[in-house]
Structures are given as C-alpha cells and as structure tokens.
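What follows is a set of notes on a single structure, which appears directly below.
The values are calculated or read from the model by the stated rules, or taken from the named source; none is laboratory data. Just so it is clear, the model here is predicted, and its values are computed rather than measured. Cβ atoms come from the backbone with ideal geometry, glycine included; neighbour counts cover every protein chain shown.
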C-alpha cells in the first residue's frame, strides 16, 4: 500500500496516542462513576483518529475506502458512550437498563453493517472520487440516505447530552457548576466540528474536524478529572446527602482554601457561599490552621472547638479527613463539624452531679439530723453508684457498703456489713497492713486519695481497686471512714503488660549488643583454640605417652573444641542464625552433665537429677544447651557458698486448647520442661527484673561478666523456647525453661568418631598465617601429614616466597584476614602469573563472603577455625586431586 506524506497525518497519530494515554489514566481511577465508559470513549476516539490518519496517508481509492470504513467503528462507539457517560455522571444510572442499551446499540450496529456493505447498496456513500486540488489526495463521496439517518441519530444523542449537562449546570452548586460548565463545553466541540463538515463551511477544507473535536472533548474530560475531580463525587448524590446533613461539611483544597461547604457550614462561617469559596480557611477561622497541620494527614482525627460568643457559643467536634489520589498524595481535606454542646453540657452536669453526691454524702455523715433528712436521696445514690462505696468504723468494722459490691466482688452487702475487714478474705494479705494504716490516717483526720489495694473476689479471682477515703466528722469527732473503691484491674494489668513489653524489648536490644561485641574478638580466640587443638592432637600421636597422659590430652582437646563451639555460638548469636540443630534426647545430655558436676562441684553441694523413665526429645543444638546448663549451674553454685542442694528436673508437659500455659507466650502442644533449682541465697526482688540484661551482675569485680543469663535467655529464645525464674531471698532460686518437644521415638546417641588423617604424597605447600602460634602449629601438623611446608607471615612475604619456589608449590594454604595483604588479594595476585594455582583458605572469622565468590578468586575450599586435623587433611587432599 503506497502512502503520501503530510504533516496532518503526524498530528493525527500524535493526537491518537495522547487519547490512548488519557484512557490509561482514566482506567487507573477505578472509583469514579463511568470509569469504563470514559476509557471506551477515549479508545474509540483514538481508533477514529488512526483510521482517519491512514485514510489521508493512502493514495489509492480502495485503501482510503477501507480506512474510512474502519473509522466508523470508533465513530459509532464515541457517539453512544458519550451519552452513557452523561447518564452516569448526572446520577441517572437507573436509566441505563438493558432495554435502553439495546435501543442505543441498534443504530451503531446497523450503521456498521451498511458501511461495510456500502458497495452493494450505496446507502451511506455514492461513487468515490479523488480530489487532487488540495495539498494532498482526499476521498470525495456524496452522502446517501443512510448517512443522513445516522447523522440525525448522532446529533440527537449529542443534543440530549448537552441538555442533561445544561440542566445540571442550572441545578448544581459551586464546584460542581464548574464541572458541568466544562463538560457542556466539551460536548459542544463535536457538535460544532461535525456541523462544519456536514454543511460544507469547514475553514480547513481538506481536513475533517469531527475526529479532532471528539478527541479534544475526550481529553478535556480527562483534564477535568485531574483538575476539578470530575466524578469523585456525583453532584446529585452530593446535593442529596451533604446538603441534608445536620453536621457542617467544609471541603478544602491542598492549599487549605475552601472549595465547597454545605448549608450548616455556611451558617457557621457567617458568609454566603460565593464569599467563602476560594478563601483560606485561616481567614475565616484563624485558629484552625494549627489544628489542620497537626491532624491533616490522619483519618478522622480532630479536636473540640468553640464557635460564637455568649449565649450563642457552641462547642463542635471538628474532625479532619484527608482525601488522597491514586498515588497516595493528599489532594484535599474534608472538615466535619458536629455540634456536641448538649453532650458537653450533659457530661458537665454528670460531673457536677457526682460532686454533689459526694458533698451530700459527707454532709449526711456529719450530723444525725442531716442524715435523717437526706436519707432517701442518699440511699438512691448509694444504691445506684457503679463504684463500691462503703464506711468503716473506728473498730475497722464495715458499717455500710453499696450493692455494687456484688457486681465487683460477688459478695452481697449483708455478707460483709458488721464484720472487721481484716477478718474477711476480701483484702489481699499483702495489702492488709497498708489498708489498716490508711484507715488509721483517715480516722486521725487525713484524706487518702487513689491508693491501690489488692482484693479477692468471692470466686477467688484477684482484683485491683483504687480507693479514696475521707473522714466522717460528727460533733468535732471522726466517727467513721467513708471510702470509694473503683475497679481498675484491667487498667493496671494493661500498664503492667506494657511495662513488661518495653523491658523485654530493651533486653533483646542489649542481647544484640552482646553478640556484636563478642563477634569482634572471636577471631583471636579462634586462633588460640585452633593452636591448642592442633598440638593436643599432634601430641596424642606420640607412641611413648601413658594412658593417663592420653586421657589428659583427650580432655584438653575436648574442652578446646567446646570452647571453639562456644565462640562459634557467640558469632551465630550476633547474626541470629547458624544453629546446628538435631533431634536430641536431653536425658543422656543431663546425665553426663550430672556426672561432671559430681566430680567438679564442692562436696558441700549435693547434685540430683530428677526425671521419669521417658525420652525428652527436642530439636536443639547440643553445644548451646550445654552452655545454657553450665551457666545456670555455675550461678547456682555461686549462690550456695556454704553448700546446699542443686536439683535438675526433667518433665514433659502438654498444653491443651483453652488451658492456661505456664507462660502466656507458650502455644498449644507438647513441651519439655527443664528446671535448675538451688537452695542458695536467692535473688532480691529489685534485682529480678534485670537478671537477663547484658553486663548486669551482683558479683564482686572479676568474679562475673554479667553475660551468663543474657546468653541463656538468647539461646532459649533461638530454640523457640521460653524461660522463667522464681526466687525467694534466703530460700533459693529456680530457673525453668521450656523447649518444644519432638515426637521422635528413638534418637541415635552422639558418637565421637576420630578419623585417621589422610596422608600427603610429599607435595610442597605454602602456608600463610599472621598468628605465630597458629603458624607453627599448622606447619607441624602439615609436616606430620607428609607435606613439605614453606611459611610466610603475611601476603607480601608469601609473594616473595612464591617467586623463589613457584615451580615446587602445589597448594597455597592461607589465612583470609592478615595485615598488609589478605588471603583473597594474595591468591588473586598469584593467579595472574600461575593461572592453575590451587588454594585453601583458613579463617577464624564468621564467613561473610559467599563461597562462590571465593572460588571465583581461586580459593577452592574454606576451613573454619578451630578444626579437626583429619578434616584439614581431607580437604587438602581433595583440592590437590586425590582419588
């Protein structure tokens, strides 16, 4: 198909793209009425423009006729959907019945059929011709009867649309009148554009203005969505709802200027709508600006404000609600004013009435005559008050008590009247002394305000009351104590829960600090431990060692490994990961621990392990649980300097649905319970809240770091467990922790396997280590494995050694972190001259680099300190390529 170039084609294509983009924007506004109709209108207009552009670009009659027919798909849709959108926007959705939509679609469908079959009947156009007089070739065709029928139908729909919008323009108010005016103007554009073409008075003779006018109207509608929020509130719905509200409603724009207000708000403003709209809210109500700034981004939050003076003064509940667009930006705010004057007056009346009741009660108790005169009124208030009111005589007997005591504590008044409150199981034992002291103070003429007492209800539940008391004076003498008790149980428990939550958050933060601090020094400790393990294993290979010496070396190696595991545990704790968990029966673990304690603890401390003949299976890291138990046992030992009993108890518990668990955080299921108790000095109550805090200790300087219980807490929580403590000064302490139980019938016992190290074949290795003790230990180890070893203390020294022995060196074994040049940099430099060089890294740090990245640098394997000699030998042999 041949095409002719003309700037009009570019203009039409660009306009079609803009129209399609506007359809996407409108589609994002899901909440507005007529959303889909507007999208369809914009897309149909874009199709019309594209068809017209391709018609102009074509140079032959068949192509022009084809694209002219394609245009009619957009033409018939635009005309119909424009009217449908007007129905939706003006609140006439009920007109859009299935019958109406079918009637509206008859002409579009028939027109399209006639358009695409025009060559057979000529009802739409006559014979086509090419007009060559203009700047480009245009298609000229006389209009047939079908065309004029469709044109009449289209104008009828457009005029109906214009009529509906004009009607809304007359009836709407303020902001919506601007919307209607803009929509009416948009509707007039296609009417005018089509009329100019049909009646032959088009100023641009060779260019059809109809598609451009419809597209301009569609774009104007899209612009109105952005600027005037057309569709955000349907005007008819607004007039029906907002104007009929008894509350004042004010709409502000993003600059806090008034854009609309209902009748109630206009009365409050004292201005006509035309005067108020457009002004800043600060010009009418200056004090509101600060309130809007404070609450303008919160939904429905506000304060009470007073308007008017003197008798006209009214109190309003002012609430500000932001309105955001589809990307979350605040575009306007709605202020709702509700008159709460009567409610405020009623509340004030209630407060005054309560004060009057208290005054009447005091006066009634001051004199017998006043008591008789006001007995009926006093009894009414006394029997209907929600708090518990009561009077106590000098002998502490309850003289009278309000019926509300039955609702609060479950006792009937007659069960309590005439008896001393100390003899009743009503005041908790811990509060009896305070209650008696406060009663004596009031009998001496003082007042007691807001004292907290613990009470025991008839059903045994604990309650907390806030008690205020005043003296009843008669003839200058205090004859009784008048008290009011308010149930504040829920409030106090909520405050305690909040305080406990804050303390736990602080503890967790400090535990994290412990991990970060320990991680910084763990590398040096790992070097030391690695050296101890290596030499212990080398010495154990000597043939002239006695059995006792071998046992001692085994203990050294075992304890060094345990220390290494503890360092690894601290590193993992700082990252909250890397638990080496496995199904574990706690009973063998604790039996081994008990045997160790029997040998190591003073004879004055008796150790007992209490358990049932069961298995106590958990999913846990054995090393970390050993650390938990050792920390708890050491604390128990230190608390029993004069001897005592240390008991370790194992239990299995089941938390059933609806049952109260030992700790509130515990979920339904099976748990293994471990208790470590002692008969030592106990922990003072003021110390208990701080025992899990890092670095907190009550021991003398040098006798404790204050990290033991913090580590216990962290390890238990890492295992999804919980820990609790109970202590009494002078009687001892019991720590109990709970771990989720595993339903595993059997657990393989932990076996210590010592593999014979794989021997070398006389290869030459370059060993690079900055720690001298570790360097010597590793050198001796590798030599016993039948390797020739060259050594260097850092990366630069290793470069020099490698230059002298490059042909002999089969493998580089290097620490990763060293002064001057680290292991990664060393291997990268050596690989430049020896591409096939093999390397193994040895490090005591937590591995932060990805192993794949290390392999890309030329490091095939990484060995973590401390390590087994057999593990090191096997890795070196694998890297060197042993079968």
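Conditions (1) at pLDDT 75 or above; (2) outside any loop (DSSP other than H, G, I, E, B), marked per residue:
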site	(1), (2)
239	no, yes
245	no, no
251	yes, yes
264	yes, yes
267	yes, yes
274	no, yes
278	no, no
282	yes, yes
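Summed over segment 477-491, residues that are more than 30 Å from residue 363 (Cβ to Cβ) and either loosely packed, with under 15 Cβ neighbours inside 10 Å or at pLDDT below 85 (or both) total 2.
Counting only strands (runs of 3 or more DSSP E) wholly contained in segment 303-415, the ones carrying 2 or more residues that are surrounded by 12 or more Cβ atoms within 10 Å (Cβ to Cβ), at pLDDT 75 or above and under 46 Å from the mean Cα position of the chain (by Cα) occupy 314-324, 330-339, 388-392. Candidates 70, 65, 102, 77: the one that is in a helix (DSSP H, G or I) and more than 25 Å from residue 15 (Cα to Cα) is 102. For segment 606-636, the set of residues classified as in a loop (DSSP other than H, G, I, E, B) and over 36 Å from the mean Cα position of the chain (by Cα) consists of 611, 612, 613, 614, 615, 616, listed by residue number. Scanning segment 419-433 for residues that are modelled with pLDDT of 85 or more and either crowded, with 17+ Cβ neighbours inside 10 Å or not in a helix (DSSP H, G or I) (or both) returns 419, 420, 426, 427, 428, 431. Remark: pairs (first residue in segment 648-664, in contact (Cβ under 8 Å) with a residue 60 or more places away in the chain; second residue surrounded by 10 or more Cβ atoms within 10 Å (Cβ to Cβ) and part of a loop (DSSP other than H, G, I, E, B); Cβ separation under 7 Å; 6+ apart in sequence or on different chains) = 650/611; 650/616; 652/614; 652/616. When segment 449-476 is filtered for residues that are more than 41 Å from the chain's Cα centre (by Cα) and surrounded by fewer than 18 Cβ atoms within 10 Å (Cβ to Cβ), the ones remaining, listed by number, are 449, 458, 473, 474, 475, 476. Annotation: residue 595 fulfils all but one of (1) part of a helix (DSSP H, G or I); (2) closer than 19 Å to residue 670 by Cα; the unmet one is (2). Residue 655 - would you say it is surrounded by fewer than 20 Cβ atoms within 10 Å (Cβ to Cβ), under 19 Å from residue 736 (Cβ atoms), in the same structural domain as residue 719 (by the TED database) and more than 41 Å from the chain's Cα centre (by Cα)? Spelling it out, it is not the case that residue 655 is surrounded by fewer than 20 Cβ atoms within 10 Å (Cβ to Cβ), under 19 Å from residue 736 (Cβ atoms), in the same structural domain as residue 719 (by the TED database) and more than 41 Å from the chain's Cα centre (by Cα). Being surrounded by fewer than 19 Cβ atoms within 10 Å (Cβ to Cβ) and out of contact with any strand residue (DSSP E or B) (no Cβ under 6 Å at 6 or more places or on another chain) is a description that applies to residue 105. The set of residues from segment 806-840 being in contact with a strand residue (DSSP E or B) (Cβ under 6 Å, 6 or more places away or on another chain) and loosely packed, with under 15 Cβ neighbours inside 10 Å comprises just one member, 808. Within segment 129-168, which residues are part of a loop (DSSP other than H, G, I, E, B) and at pLDDT below 85? Those that are part of a loop (DSSP other than H, G, I, E, B) and at pLDDT below 85: 132, 133, 134, 135, 136, 137, 141, 142. Does residue 603 satisfy the criteria of being part of a loop (DSSP other than H, G, I, E, B), more than 44 Å from the chain's Cα centre (by Cα) and over 18 Å from residue 733 (Cβ atoms)? Criteria met by residue 603. Is segment 79-95 home to any residue that is within 30 Å of residue 137 (Cα to Cα) and at pLDDT below 85? Yes: one or more hits.
A quick yes/no check of all residues on (1) modelled with pLDDT of 90 or more; (2) touching a helix residue (DSSP H, G or I) at 6+ places or on another chain (Cβ under 6 Å); (3) closer than 18 Å to residue 679 by Cβ:
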{"site": "571", "(1), (2), (3)": "no, yes, no"}
{"site": "580", "(1), (2), (3)": "no, no, no"}
{"site": "585", "(1), (2), (3)": "yes, no, no"}
{"site": "589", "(1), (2), (3)": "yes, no, no"}
{"site": "600", "(1), (2), (3)": "no, no, no"}
{"site": "608", "(1), (2), (3)": "yes, no, yes"}
{"site": "613", "(1), (2), (3)": "no, no, no"}
{"site": "633", "(1), (2), (3)": "yes, no, yes"}
{"site": "640", "(1), (2), (3)": "yes, no, yes"}
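Taking the criterion of being at pLDDT below 70, surrounded by 18 or more Cβ atoms within 10 Å (Cβ to Cβ) and out of contact with any strand residue (DSSP E or B) (no Cβ under 7 Å at 6 or more places or on another chain), no residue of segment 284-299 qualifies. Those residues that are under 20 Å from residue 736 (Cβ atoms) and either crowded, with 21+ Cβ neighbours inside 10 Å or in contact (Cβ under 8 Å) with a residue 40 or more places away in the chain (or both), I need them from segment 590-604; list them, please. Passing the criteria: 590, 593, 594, 597. Checking segment 499-518 against the condition returns a match, with at least one residue being surrounded by fewer than 20 Cβ atoms within 10 Å (Cβ to Cβ), touching a helix residue (DSSP H, G or I) at 6+ places or on another chain (Cβ under 6 Å), at pLDDT below 65 and more than 24 Å from residue 872 (Cβ to Cβ). Within segment 676-715, if we keep just the residues that are modelled with pLDDT of 90 or more and touching a helix residue (DSSP H, G or I) at 6+ places or on another chain (Cβ under 6 Å), the residue that is nearest to residue 626 (Cα to Cα) turns out to be 676.
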